[in-house]
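Written out below as C-alpha coordinates is the structure these notes cover.
The values are calculated or read from the model by the stated rules, or taken from the named source; none is laboratory data. No experiment lies behind these values; they were computed from the predicted model shown. All Cβ positions, even for glycine, are placed from backbone atoms using ideal geometry, and neighbour counts span all protein chains on display.
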Amino acid sequence: MGRQTLSSIAVLLPLLTATANAASEAPRPRGVGPDFAKYYKDATSFACISNPEIKLDVSRINDDYCDCPDGSDEPGTSACSYISPLSPKQPSRYDPTKINDSQALPGFYCKNKGHIASYVPFTNVNDGVCDYELCCDGSDEWEGVGGIKCEDKCAKIGKEWKKQDEARQKSLGNANRRRKELVAEAERLRKEVEDRIQTLQAQIKGQEVKVEALTKTLAEVERSEKGKVVRGAGKGGKLGVLSSLAKDKVNELTDSLRTVKDERDAARSKITELEAILKRFKEEYNPNFNDEGVKRAVKAWEDYAASQPIATDDSARDRDLEDLLNPASESAIKWDDFEDNEESDVELLYKFEEYLPTPLRTWVDEKLRALRLTLIENGILADTTASDAPESKRVTDARDQLSSAQSALDNDRSELTKHTEDLAKDYGPDAIFRALKGVCVNQDSGEYTYEHCFLDKTTQKPKKGGGHTGMGNFARIETITVDEDLPADGKGVGSGERYALKYENGQHCWNGPNRSTLVVLACAEKDEIWKIVEEEKCVYRMEVGTPAVCGVKEGVQKGAPAHNEL
Ligand code: MAN
(Lines give C-alpha, C1' and ligand atoms only; values in the text may rest on other atoms or scores of the structure.)
Protein backbone atom coordinates (compact mmCIF):
# COMPACT_ATOMS: atom_id res chain seq x y z
CA MET A 1 0.00 0.00 0.00
CA GLY A 2 1.67 3.19 -1.06
CA ARG A 3 1.94 5.58 1.82
CA GLN A 4 2.13 9.25 1.04
CA THR A 5 4.04 11.82 3.00
CA LEU A 6 2.53 14.87 4.60
CA SER A 7 3.86 16.89 1.71
CA SER A 8 1.31 15.25 -0.55
CA ILE A 9 -1.39 16.91 1.50
CA ALA A 10 0.04 20.26 0.60
CA VAL A 11 0.03 19.25 -3.04
CA LEU A 12 -3.56 18.18 -2.96
CA LEU A 13 -4.78 21.16 -1.06
CA PRO A 14 -5.20 23.48 -4.03
CA LEU A 15 -7.99 21.18 -5.15
CA LEU A 16 -9.98 22.22 -2.15
CA THR A 17 -11.53 25.53 -2.98
CA ALA A 18 -14.20 27.78 -1.67
CA THR A 19 -16.87 25.52 -3.14
CA ALA A 20 -16.85 23.86 0.26
CA ASN A 21 -20.12 25.72 0.78
CA ALA A 22 -21.71 23.19 -1.53
CA ALA A 23 -21.13 20.65 1.20
CA SER A 24 -23.74 22.26 3.39
CA GLU A 25 -26.38 22.25 0.62
CA ALA A 26 -26.89 18.49 0.37
CA PRO A 27 -25.18 15.50 1.86
CA ARG A 28 -22.50 14.24 -0.53
CA PRO A 29 -22.08 10.54 -1.30
CA ARG A 30 -19.31 8.86 0.68
CA GLY A 31 -15.84 9.84 -0.52
CA VAL A 32 -16.90 12.93 -2.53
CA GLY A 33 -15.01 16.11 -1.82
CA PRO A 34 -16.67 19.54 -1.84
CA ASP A 35 -15.07 20.35 -5.20
CA PHE A 36 -16.98 17.56 -6.86
CA ALA A 37 -20.31 17.83 -4.98
CA LYS A 38 -21.95 19.52 -7.97
CA TYR A 39 -21.73 16.26 -9.98
CA TYR A 40 -23.69 14.33 -7.38
CA LYS A 41 -26.59 16.76 -6.79
CA ASP A 42 -29.27 15.03 -8.81
CA ALA A 43 -31.50 12.87 -6.64
CA THR A 44 -32.28 10.32 -9.33
CA SER A 45 -29.51 10.05 -11.90
CA PHE A 46 -25.76 10.46 -12.15
CA ALA A 47 -23.66 11.29 -15.25
CA CYS A 48 -20.07 9.99 -15.28
CA ILE A 49 -17.89 13.08 -14.81
CA SER A 50 -15.58 12.60 -17.80
CA ASN A 51 -18.23 10.87 -19.90
CA PRO A 52 -21.50 12.71 -19.12
CA GLU A 53 -23.27 10.85 -21.94
CA ILE A 54 -23.16 7.80 -19.68
CA LYS A 55 -26.02 8.22 -17.26
CA LEU A 56 -26.64 5.92 -14.31
CA ASP A 57 -29.27 5.50 -11.64
CA VAL A 58 -28.10 7.03 -8.33
CA SER A 59 -28.36 3.62 -6.74
CA ARG A 60 -25.25 2.67 -8.72
CA ILE A 61 -23.14 5.26 -6.88
CA ASN A 62 -20.92 3.48 -4.37
CA ASP A 63 -22.47 0.05 -5.08
CA ASP A 64 -18.94 -1.38 -5.19
CA TYR A 65 -19.20 -1.98 -8.95
CA CYS A 66 -17.27 0.19 -11.39
CA ASP A 67 -19.63 1.56 -14.07
CA CYS A 68 -18.00 4.78 -15.27
CA PRO A 69 -14.78 4.61 -17.35
CA ASP A 70 -13.36 7.35 -15.10
CA GLY A 71 -14.47 5.63 -11.86
CA SER A 72 -16.58 8.60 -10.78
CA ASP A 73 -19.55 6.38 -9.79
CA GLU A 74 -17.42 4.83 -7.01
CA PRO A 75 -16.09 7.82 -4.98
CA GLY A 76 -16.34 5.90 -1.71
CA THR A 77 -15.11 2.41 -2.59
CA SER A 78 -12.04 0.86 -4.14
CA ALA A 79 -14.08 -0.71 -6.97
CA CYS A 80 -12.55 1.57 -9.63
CA SER A 81 -9.06 1.72 -8.14
CA TYR A 82 -7.64 -0.27 -11.08
CA ILE A 83 -8.12 2.78 -13.32
CA SER A 84 -4.94 4.82 -13.48
CA PRO A 85 -5.12 7.52 -10.85
CA LEU A 86 -4.44 11.21 -11.18
CA SER A 87 -0.84 11.84 -10.30
CA PRO A 88 -0.84 13.50 -6.90
CA LYS A 89 2.20 15.49 -8.05
CA GLN A 90 0.36 16.83 -11.07
CA PRO A 91 -3.09 17.68 -9.77
CA SER A 92 -3.41 20.32 -12.46
CA ARG A 93 -3.65 17.53 -15.00
CA TYR A 94 -7.22 17.09 -13.90
CA ASP A 95 -9.45 18.21 -16.75
CA PRO A 96 -12.78 16.38 -17.06
CA THR A 97 -13.07 17.22 -20.76
CA LYS A 98 -9.79 15.63 -21.68
CA ILE A 99 -9.28 12.72 -19.34
CA ASN A 100 -11.32 9.65 -19.78
CA ASP A 101 -8.66 6.99 -19.45
CA SER A 102 -7.88 7.90 -15.87
CA GLN A 103 -9.80 8.55 -12.72
CA ALA A 104 -11.83 11.76 -12.61
CA LEU A 105 -11.51 12.06 -8.84
CA PRO A 106 -8.28 12.64 -6.97
CA GLY A 107 -9.17 9.96 -4.42
CA PHE A 108 -11.37 9.14 -1.49
CA TYR A 109 -12.20 12.33 0.38
CA CYS A 110 -11.49 12.28 4.13
CA LYS A 111 -13.11 15.19 5.96
CA ASN A 112 -10.53 14.94 8.76
CA LYS A 113 -12.52 17.20 11.05
CA GLY A 114 -10.13 18.91 13.44
CA HIS A 115 -7.32 18.68 10.90
CA ILE A 116 -6.91 19.21 7.15
CA ALA A 117 -9.20 17.52 4.67
CA SER A 118 -7.43 15.27 2.24
CA TYR A 119 -7.77 12.65 -0.49
CA VAL A 120 -6.61 9.05 -0.06
CA PRO A 121 -5.84 6.93 -3.15
CA PHE A 122 -8.78 4.63 -3.92
CA THR A 123 -6.49 1.63 -3.51
CA ASN A 124 -6.26 2.50 0.20
CA VAL A 125 -10.03 2.42 0.77
CA ASN A 126 -11.08 -0.55 2.88
CA ASP A 127 -7.68 -2.22 2.52
CA GLY A 128 -7.59 -3.07 6.21
CA VAL A 129 -4.94 -0.44 7.05
CA CYS A 130 -5.59 2.83 8.86
CA ASP A 131 -4.08 5.57 6.67
CA TYR A 132 -3.71 8.15 9.39
CA GLU A 133 -1.20 10.20 7.47
CA LEU A 134 -3.82 11.16 4.93
CA CYS A 135 -7.02 10.15 6.60
CA CYS A 136 -6.75 10.93 10.30
CA ASP A 137 -10.48 10.36 10.88
CA GLY A 138 -10.13 6.72 9.77
CA SER A 139 -13.08 7.07 7.39
CA ASP A 140 -11.23 5.25 4.59
CA GLU A 141 -11.78 2.01 6.52
CA TRP A 142 -15.55 2.40 6.84
CA GLU A 143 -16.24 -1.20 6.01
CA GLY A 144 -14.16 -2.55 8.93
CA VAL A 145 -12.42 -5.16 6.76
CA GLY A 146 -11.07 -7.99 8.91
CA GLY A 147 -12.62 -6.35 11.94
CA ILE A 148 -10.40 -3.30 11.71
CA LYS A 149 -11.61 -0.16 13.41
CA CYS A 150 -9.77 3.08 12.72
CA GLU A 151 -10.57 5.51 15.49
CA ASP A 152 -10.69 9.23 14.67
CA LYS A 153 -7.30 10.69 15.60
CA CYS A 154 -7.77 14.05 13.91
CA ALA A 155 -8.01 16.06 17.15
CA LYS A 156 -4.62 14.80 18.33
CA ILE A 157 -2.93 14.81 14.94
CA GLY A 158 -4.47 18.19 14.08
CA LYS A 159 -3.22 19.68 17.34
CA GLU A 160 0.27 18.38 16.76
CA TRP A 161 0.22 19.59 13.15
CA LYS A 162 -0.99 23.00 14.25
CA LYS A 163 1.87 23.25 16.70
CA GLN A 164 4.35 22.29 14.01
CA ASP A 165 2.67 24.61 11.58
CA GLU A 166 2.98 27.51 13.99
CA ALA A 167 6.68 26.78 14.33
CA ARG A 168 6.92 26.59 10.53
CA GLN A 169 5.09 29.88 10.16
CA LYS A 170 7.37 31.48 12.72
CA SER A 171 10.41 30.14 10.93
CA LEU A 172 9.04 31.33 7.60
CA GLY A 173 8.43 34.77 9.13
CA ASN A 174 12.03 34.89 10.35
CA ALA A 175 13.26 33.71 6.96
CA ASN A 176 11.28 36.42 5.18
CA ARG A 177 12.55 39.07 7.55
CA ARG A 178 16.11 37.89 7.00
CA ARG A 179 15.54 37.96 3.26
CA LYS A 180 14.38 41.57 3.47
CA GLU A 181 17.56 42.43 5.34
CA LEU A 182 19.61 40.69 2.67
CA VAL A 183 17.82 42.59 -0.09
CA ALA A 184 18.54 45.88 1.70
CA GLU A 185 22.17 44.89 2.20
CA ALA A 186 22.49 43.88 -1.46
CA GLU A 187 21.02 47.22 -2.49
CA ARG A 188 23.45 49.05 -0.23
CA LEU A 189 26.38 47.17 -1.72
CA ARG A 190 25.17 47.87 -5.26
CA LYS A 191 24.88 51.57 -4.39
CA GLU A 192 28.38 51.47 -3.00
CA VAL A 193 29.68 50.12 -6.32
CA GLU A 194 27.77 52.81 -8.22
CA ASP A 195 29.17 55.54 -5.99
CA ARG A 196 32.67 54.18 -6.40
CA ILE A 197 32.21 54.18 -10.17
CA GLN A 198 31.23 57.85 -10.06
CA THR A 199 34.20 58.76 -7.89
CA LEU A 200 36.53 56.83 -10.17
CA GLN A 201 35.15 58.48 -13.29
CA ALA A 202 35.76 61.94 -11.83
CA GLN A 203 39.18 60.89 -10.55
CA ILE A 204 40.16 59.46 -13.94
CA LYS A 205 39.20 62.69 -15.72
CA GLY A 206 41.48 64.66 -13.40
CA GLN A 207 44.27 62.13 -13.77
CA GLU A 208 44.07 62.20 -17.56
CA VAL A 209 44.60 65.96 -17.50
CA LYS A 210 47.48 65.52 -15.09
CA VAL A 211 49.14 62.82 -17.20
CA GLU A 212 48.80 64.99 -20.29
CA ALA A 213 50.39 67.95 -18.51
CA LEU A 214 53.19 65.81 -17.07
CA THR A 215 53.86 64.27 -20.49
CA LYS A 216 54.32 67.77 -21.89
CA THR A 217 56.51 68.77 -18.96
CA LEU A 218 58.71 65.74 -19.45
CA ALA A 219 59.12 66.50 -23.16
CA GLU A 220 60.01 70.10 -22.38
CA VAL A 221 62.46 69.16 -19.65
CA GLU A 222 64.06 66.55 -21.89
CA ARG A 223 64.47 69.09 -24.66
CA SER A 224 65.90 71.78 -22.41
CA GLU A 225 68.23 69.29 -20.70
CA LYS A 226 69.48 68.14 -24.05
CA GLY A 227 70.77 71.66 -24.60
CA LYS A 228 73.18 71.33 -21.73
CA VAL A 229 76.81 70.46 -22.25
CA VAL A 230 78.04 66.93 -21.98
CA ARG A 231 78.59 65.67 -18.49
CA GLY A 232 81.13 63.17 -17.36
CA ALA A 233 80.19 59.92 -15.77
CA GLY A 234 78.63 60.40 -12.36
CA LYS A 235 76.43 63.20 -11.20
CA GLY A 236 77.75 66.65 -11.94
CA GLY A 237 81.05 65.56 -13.51
CA LYS A 238 84.30 65.18 -11.65
CA LEU A 239 83.45 67.73 -9.00
CA GLY A 240 80.15 65.98 -8.52
CA VAL A 241 81.91 62.64 -8.05
CA LEU A 242 84.29 64.27 -5.62
CA SER A 243 81.46 65.81 -3.63
CA SER A 244 79.69 62.46 -3.51
CA LEU A 245 82.85 60.76 -2.16
CA ALA A 246 83.31 63.57 0.37
CA LYS A 247 79.74 63.22 1.49
CA ASP A 248 80.18 59.49 2.11
CA LYS A 249 83.39 60.07 4.04
CA VAL A 250 81.92 62.87 6.17
CA ASN A 251 78.90 60.75 6.94
CA GLU A 252 81.14 57.87 7.97
CA LEU A 253 83.18 60.14 10.28
CA THR A 254 80.05 61.68 11.76
CA ASP A 255 78.69 58.23 12.57
CA SER A 256 81.95 57.19 14.26
CA LEU A 257 82.08 60.43 16.20
CA ARG A 258 78.53 59.86 17.44
CA THR A 259 79.44 56.35 18.63
CA VAL A 260 82.55 57.62 20.45
CA LYS A 261 80.58 60.45 22.06
CA ASP A 262 77.85 58.05 23.24
CA GLU A 263 80.49 55.73 24.73
CA ARG A 264 82.19 58.65 26.45
CA ASP A 265 78.91 59.84 27.99
CA ALA A 266 78.19 56.33 29.26
CA ALA A 267 81.68 56.02 30.82
CA ARG A 268 81.33 59.43 32.46
CA SER A 269 78.11 58.57 34.17
CA LYS A 270 79.57 55.26 35.38
CA ILE A 271 82.57 57.10 36.92
CA THR A 272 80.28 59.56 38.68
CA GLU A 273 78.28 56.70 40.10
CA LEU A 274 81.38 54.80 41.30
CA GLU A 275 82.90 57.93 42.85
CA ALA A 276 79.70 58.52 44.79
CA ILE A 277 79.84 54.95 46.13
CA LEU A 278 83.44 55.33 47.26
CA LYS A 279 82.73 58.73 48.78
CA ARG A 280 79.96 57.24 50.87
CA PHE A 281 82.22 54.30 51.77
CA LYS A 282 84.90 56.66 53.09
CA GLU A 283 82.38 58.68 55.11
CA GLU A 284 80.57 55.73 56.58
CA TYR A 285 83.32 53.19 57.38
CA ASN A 286 84.24 52.67 61.04
CA PRO A 287 87.99 53.41 61.61
CA ASN A 288 87.83 51.79 65.08
CA PHE A 289 87.59 48.34 63.48
CA ASN A 290 91.17 48.68 62.28
CA ASP A 291 90.53 46.59 59.24
CA GLU A 292 93.76 46.87 57.23
CA GLY A 293 92.07 46.10 53.90
CA VAL A 294 89.42 48.76 54.44
CA LYS A 295 92.00 51.30 55.54
CA ARG A 296 94.07 50.63 52.40
CA ALA A 297 91.05 51.10 50.20
CA VAL A 298 90.12 54.39 51.90
CA LYS A 299 93.69 55.65 51.50
CA ALA A 300 93.72 54.69 47.83
CA TRP A 301 90.45 56.59 47.27
CA GLU A 302 91.81 59.67 49.06
CA ASP A 303 94.93 59.62 46.85
CA TYR A 304 92.82 59.21 43.74
CA ALA A 305 90.48 62.07 44.74
CA ALA A 306 93.41 64.38 45.50
CA SER A 307 95.06 63.67 42.15
CA GLN A 308 91.93 64.57 40.11
CA PRO A 309 92.16 67.96 38.33
CA ILE A 310 89.51 70.49 39.22
CA ALA A 311 86.51 69.90 36.93
CA THR A 312 86.25 72.31 34.05
CA ASP A 313 83.14 73.35 32.16
CA ASP A 314 82.92 71.20 29.02
CA SER A 315 79.58 72.52 27.91
CA ALA A 316 80.89 74.78 25.13
CA ARG A 317 82.89 71.92 23.64
CA ASP A 318 79.91 69.62 23.88
CA ARG A 319 77.76 72.19 22.10
CA ASP A 320 80.26 72.30 19.27
CA LEU A 321 80.24 68.53 19.15
CA GLU A 322 76.43 68.43 18.98
CA ASP A 323 76.46 71.05 16.25
CA LEU A 324 78.93 68.95 14.29
CA LEU A 325 76.74 65.90 14.63
CA ASN A 326 73.51 67.64 13.68
CA PRO A 327 72.87 67.38 9.91
CA ALA A 328 70.31 70.19 10.15
CA SER A 329 72.63 72.64 11.86
CA GLU A 330 73.63 75.90 10.23
CA SER A 331 77.23 74.83 9.78
CA ALA A 332 76.41 71.40 8.27
CA ILE A 333 77.38 70.96 4.63
CA LYS A 334 74.34 71.24 2.32
CA TRP A 335 75.06 68.27 0.09
CA ASP A 336 71.86 68.78 -1.88
CA ASP A 337 73.28 72.00 -3.25
CA PHE A 338 76.08 70.00 -4.79
CA GLU A 339 73.93 67.08 -5.88
CA ASP A 340 71.27 69.27 -7.48
CA ASN A 341 73.88 71.13 -9.37
CA GLU A 342 73.51 69.69 -12.79
CA GLU A 343 76.26 71.73 -14.26
CA SER A 344 79.44 70.00 -15.26
CA ASP A 345 82.75 70.95 -13.76
CA VAL A 346 83.57 72.64 -17.08
CA GLU A 347 80.57 74.86 -16.60
CA LEU A 348 81.54 75.48 -13.00
CA LEU A 349 84.95 76.71 -14.04
CA TYR A 350 83.76 78.86 -16.92
CA LYS A 351 80.63 80.41 -15.48
CA PHE A 352 81.12 83.67 -17.27
CA GLU A 353 77.35 84.31 -17.09
CA GLU A 354 77.72 84.68 -13.32
CA TYR A 355 79.33 88.04 -13.94
CA LEU A 356 76.26 89.32 -15.77
CA PRO A 357 73.16 90.87 -14.10
CA THR A 358 70.53 88.17 -13.45
CA PRO A 359 67.95 89.06 -16.17
CA LEU A 360 70.66 89.33 -18.77
CA ARG A 361 72.27 86.12 -17.54
CA THR A 362 69.04 84.14 -17.88
CA TRP A 363 68.43 85.58 -21.31
CA VAL A 364 71.92 84.75 -22.50
CA ASP A 365 71.68 81.28 -21.06
CA GLU A 366 68.39 80.53 -22.76
CA LYS A 367 69.56 81.89 -26.09
CA LEU A 368 72.74 79.87 -25.97
CA ARG A 369 70.90 76.64 -25.16
CA ALA A 370 68.29 77.26 -27.87
CA LEU A 371 71.02 78.03 -30.39
CA ARG A 372 72.89 74.87 -29.48
CA LEU A 373 69.74 72.79 -29.84
CA THR A 374 68.88 74.32 -33.20
CA LEU A 375 72.40 73.61 -34.40
CA ILE A 376 72.17 70.00 -33.22
CA GLU A 377 68.70 69.54 -34.71
CA ASN A 378 69.92 70.88 -38.05
CA GLY A 379 72.95 68.66 -38.11
CA ILE A 380 75.41 71.54 -37.82
CA LEU A 381 76.64 70.63 -34.38
CA ALA A 382 77.21 67.05 -33.27
CA ASP A 383 74.88 65.75 -30.59
CA THR A 384 77.45 65.02 -27.95
CA THR A 385 74.88 63.88 -25.44
CA ALA A 386 76.08 60.32 -24.99
CA SER A 387 73.17 57.87 -25.02
CA ASP A 388 74.62 56.09 -22.00
CA ALA A 389 75.10 59.32 -20.11
CA PRO A 390 73.11 59.33 -16.90
CA GLU A 391 69.81 61.15 -17.09
CA SER A 392 69.67 64.52 -15.36
CA LYS A 393 67.81 64.77 -12.06
CA ARG A 394 65.26 67.14 -13.57
CA VAL A 395 64.41 64.62 -16.30
CA THR A 396 64.31 61.75 -13.81
CA ASP A 397 62.02 63.72 -11.52
CA ALA A 398 59.71 64.66 -14.39
CA ARG A 399 59.70 61.06 -15.62
CA ASP A 400 58.98 59.73 -12.11
CA GLN A 401 56.09 62.13 -11.66
CA LEU A 402 54.64 61.12 -15.01
CA SER A 403 54.99 57.42 -14.36
CA SER A 404 53.40 57.60 -10.92
CA ALA A 405 50.48 59.64 -12.34
CA GLN A 406 50.19 57.16 -15.19
CA SER A 407 50.14 54.15 -12.87
CA ALA A 408 47.54 55.81 -10.61
CA LEU A 409 45.45 56.37 -13.75
CA ASP A 410 45.93 52.75 -14.88
CA ASN A 411 44.91 51.45 -11.44
CA ASP A 412 41.77 53.56 -11.39
CA ARG A 413 40.88 52.51 -14.92
CA SER A 414 41.16 48.82 -14.11
CA GLU A 415 39.16 49.29 -10.90
CA LEU A 416 36.50 51.08 -12.92
CA THR A 417 36.34 48.19 -15.41
CA LYS A 418 36.05 45.70 -12.54
CA HIS A 419 33.16 47.59 -10.93
CA THR A 420 31.36 48.22 -14.22
CA GLU A 421 31.53 44.50 -15.04
CA ASP A 422 30.34 43.69 -11.54
CA LEU A 423 27.23 45.84 -11.97
CA ALA A 424 26.33 43.90 -15.11
CA LYS A 425 26.75 40.50 -13.37
CA ASP A 426 23.82 38.27 -12.47
CA TYR A 427 23.33 38.30 -8.71
CA GLY A 428 20.01 36.46 -8.74
CA PRO A 429 16.54 37.67 -7.70
CA ASP A 430 16.69 41.23 -6.28
CA ALA A 431 20.46 40.85 -6.78
CA ILE A 432 20.27 39.25 -3.33
CA PHE A 433 23.41 37.10 -3.72
CA ARG A 434 25.45 40.29 -3.71
CA ALA A 435 24.80 40.32 0.05
CA LEU A 436 25.78 36.67 0.46
CA LYS A 437 28.87 36.67 -1.73
CA GLY A 438 31.75 35.14 0.22
CA VAL A 439 29.55 33.99 3.14
CA CYS A 440 30.56 30.41 4.01
CA VAL A 441 28.68 27.50 5.59
CA ASN A 442 30.15 24.14 6.66
CA GLN A 443 28.76 20.65 7.11
CA ASP A 444 30.34 17.36 8.15
CA SER A 445 29.57 14.39 5.94
CA GLY A 446 31.45 11.08 6.04
CA GLU A 447 35.17 11.61 6.24
CA TYR A 448 34.99 15.24 5.11
CA THR A 449 33.80 18.65 6.19
CA TYR A 450 32.29 20.39 3.22
CA GLU A 451 32.27 24.13 2.81
CA HIS A 452 30.13 26.26 0.57
CA CYS A 453 31.08 29.91 0.13
CA PHE A 454 28.29 31.66 -1.76
CA LEU A 455 29.31 32.81 -5.24
CA ASP A 456 32.89 31.95 -4.45
CA LYS A 457 33.78 28.24 -4.15
CA THR A 458 33.05 24.83 -2.63
CA THR A 459 35.68 22.89 -0.68
CA GLN A 460 36.18 19.39 0.69
CA LYS A 461 38.29 19.23 3.87
CA PRO A 462 39.41 15.84 5.23
CA LYS A 463 38.45 15.55 8.91
CA LYS A 464 41.65 13.65 9.65
CA GLY A 465 43.69 16.58 8.35
CA GLY A 466 45.54 17.04 5.09
CA GLY A 467 45.09 19.28 2.13
CA HIS A 468 41.77 20.82 1.17
CA THR A 469 40.25 19.93 -2.19
CA GLY A 470 38.67 22.61 -4.34
CA MET A 471 35.31 21.35 -5.58
CA GLY A 472 34.75 24.23 -7.98
CA ASN A 473 34.78 27.98 -8.35
CA PHE A 474 31.64 29.99 -8.89
CA ALA A 475 30.55 30.02 -12.53
CA ARG A 476 26.89 31.08 -12.73
CA ILE A 477 23.38 31.06 -11.31
CA GLU A 478 21.02 28.52 -12.89
CA THR A 479 17.36 27.59 -12.63
CA ILE A 480 16.67 23.87 -12.44
CA THR A 481 13.67 21.61 -11.89
CA VAL A 482 13.80 19.20 -8.97
CA ASP A 483 11.47 16.46 -7.84
CA GLU A 484 12.15 15.17 -4.36
CA ASP A 485 10.03 14.24 -1.38
CA LEU A 486 10.29 16.90 1.25
CA PRO A 487 11.44 15.57 4.63
CA ALA A 488 9.18 16.26 7.62
CA ASP A 489 11.55 18.94 8.95
CA GLY A 490 11.26 20.82 5.66
CA LYS A 491 15.02 20.69 5.13
CA GLY A 492 15.02 19.64 1.52
CA VAL A 493 14.60 21.09 -1.94
CA GLY A 494 11.18 19.47 -2.62
CA SER A 495 9.83 19.66 -6.12
CA GLY A 496 9.50 22.45 -8.66
CA GLU A 497 11.80 25.12 -10.04
CA ARG A 498 14.77 26.07 -7.90
CA TYR A 499 17.71 28.42 -8.05
CA ALA A 500 21.04 26.64 -8.21
CA LEU A 501 24.62 27.88 -8.04
CA LYS A 502 27.08 26.18 -10.34
CA TYR A 503 30.73 25.84 -9.32
CA GLU A 504 33.19 24.57 -11.91
CA ASN A 505 36.87 23.96 -12.54
CA GLY A 506 37.79 22.67 -9.12
CA GLN A 507 40.80 20.48 -8.43
CA HIS A 508 41.42 17.92 -11.14
CA CYS A 509 40.13 14.45 -10.34
CA TRP A 510 42.55 11.61 -10.97
CA ASN A 511 41.26 9.76 -14.02
CA GLY A 512 38.26 12.04 -14.11
CA PRO A 513 37.07 15.61 -14.71
CA ASN A 514 37.88 18.79 -12.83
CA ARG A 515 35.71 18.75 -9.74
CA SER A 516 32.41 20.63 -9.96
CA THR A 517 29.45 21.23 -7.66
CA LEU A 518 25.82 22.10 -8.21
CA VAL A 519 24.38 23.83 -5.14
CA VAL A 520 20.59 23.62 -5.17
CA LEU A 521 18.92 26.26 -3.00
CA ALA A 522 15.69 26.19 -1.04
CA CYS A 523 14.11 28.55 1.47
CA ALA A 524 15.26 28.26 5.08
CA GLU A 525 15.54 30.45 8.13
CA LYS A 526 19.33 30.46 8.01
CA ASP A 527 22.09 29.49 5.60
CA GLU A 528 22.93 25.80 6.03
CA ILE A 529 24.10 22.80 4.04
CA TRP A 530 21.49 20.03 4.25
CA LYS A 531 22.91 17.33 2.06
CA ILE A 532 26.02 16.52 0.02
CA VAL A 533 26.18 13.76 -2.57
CA GLU A 534 28.86 12.80 -5.05
CA GLU A 535 26.55 11.97 -7.93
CA GLU A 536 29.37 10.84 -10.19
CA LYS A 537 33.06 10.70 -9.51
CA CYS A 538 34.07 14.26 -8.59
CA VAL A 539 30.67 15.69 -9.58
CA TYR A 540 29.00 16.90 -6.40
CA ARG A 541 25.57 18.14 -5.51
CA MET A 542 24.74 20.09 -2.38
CA GLU A 543 21.34 21.01 -1.06
CA VAL A 544 21.56 24.29 0.78
CA GLY A 545 18.93 26.21 2.73
CA THR A 546 19.00 30.01 2.63
CA PRO A 547 16.54 32.83 3.29
CA ALA A 548 17.75 34.38 0.03
CA VAL A 549 15.34 32.30 -2.07
CA CYS A 550 12.27 32.51 0.20
CA GLY A 551 9.28 33.62 -1.80
CA VAL A 552 11.19 33.15 -5.08
CA LYS A 553 11.44 29.55 -6.30
CA GLU A 554 11.71 28.58 -2.69
CA GLY A 555 10.94 24.93 -2.07
CA VAL A 556 9.80 24.70 1.53
CA GLN A 557 6.38 23.51 2.57
CA LYS A 558 3.90 26.29 2.67
CA GLY A 559 2.66 26.25 6.23
CA ALA A 560 -0.82 27.65 5.81
CA PRO A 561 -3.44 25.24 4.49
CA ALA A 562 -5.71 26.52 1.75
CA HIS A 563 -8.69 25.05 3.52
CA ASN A 564 -9.33 22.86 6.50
CA GLU A 565 -12.40 21.50 8.13
CA LEU A 566 -11.79 22.57 11.70
C1 MAN B 1 38.98 12.28 -3.13
C2 MAN B 1 37.67 12.96 -2.92
C3 MAN B 1 36.53 12.13 -3.46
C4 MAN B 1 36.80 11.75 -4.90
C5 MAN B 1 38.16 11.12 -5.02
C6 MAN B 1 38.49 10.85 -6.51
O7 MAN B 1 39.08 11.14 -2.35
O8 MAN B 1 37.73 14.18 -3.55
O9 MAN B 1 35.31 12.86 -3.36
O10 MAN B 1 35.84 10.86 -5.37
O11 MAN B 1 39.14 11.94 -4.50
O12 MAN B 1 39.75 10.27 -6.65
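Let's see how each residue does on (1) among the aliphatic types (A, V, I, L, M); (2) within 16 Å of the ligand (Cβ to nearest atom):
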| position | (1), (2) |
| --- | --- |
| Ala408 | yes, no |
| Asp422 | no, no |
| Pro429 | no, no |
| Gln443 | no, yes |
| Glu451 | no, yes |
| Phe454 | no, no |
| Lys464 | no, yes |
| His468 | no, yes |
- Message: Just checking, does segment 451-463 include any residue being of a type outside the set (Phe, Trp, Tyr) and closer than 30 Å to Glu160 by Cβ?
- Response: no
- Task: Mind counting the residues in segment 56-78 that are on the phi < 0 side of the Ramachandran plot and touching a residue at least 40 places away in the same chain (Cβ under 8 Å)?
- Result: 5
- Of the residues in segment 91-105 that are touching a helix residue (DSSP H, G or I) at 6+ places or on another chain (Cβ under 9 Å) and farther than 15 Å from Cys68 by Cα, the one that is modelled with the lowest pLDDT is Ser92
- Residue that is out of contact with any Gly (no Cβ under 8 Å at 6 or more places or on another chain) and touching a residue at least 40 places away in the same chain (Cβ under 8 Å), where the choices are Lys247, Lys282, Lys295: Lys247
- Message: Give all pairs with beta carbons closer than 7 Å in which a residue from segment 389-407 that is touching a residue at least 40 places away in the same chain (Cβ under 8 Å) and more than 15 Å from Glu220 (Cβ to Cβ) meets a residue that is among the aliphatic types (A, V, I, L, M) and crowded, with 16+ Cβ neighbours inside 10 Å; count only pairs at least 6 apart in sequence or on separate chains.
- Response: Ala405/Val211; Ala405/Leu214; Gln406/Val211
- Note on the structure: By residue number, the members of segment 517-543 that are within 12 Å of the ligand (Cβ to nearest atom) and not basic (Lys, Arg) are Thr517, Ile532, Val533, Glu534, Glu535, Glu536, Cys538, Val539, Tyr540
- The condition from (1) touching a Ser or Thr at 6+ places or on another chain (Cβ under 7 Å); (2) farther than 26 Å from Asn473 by Cβ; (3) without any contact (Cβ under 8 Å) to a residue 60 or more places away in the chain that Glu497 misses is numbered (2)
- Message: Residues that are surrounded by fewer than 21 Cβ atoms within 10 Å (Cβ to Cβ) and within 15 Å of the ligand (Cβ to nearest atom): does segment 489-504 have at least one?
- Response: no
- Taking segment 266-297 on its own, how many of its residues are surrounded by 11 or more Cβ atoms within 10 Å (Cβ to Cβ), charged (D, E, K, R) and assigned to a helix (DSSP H, G or I)? 5
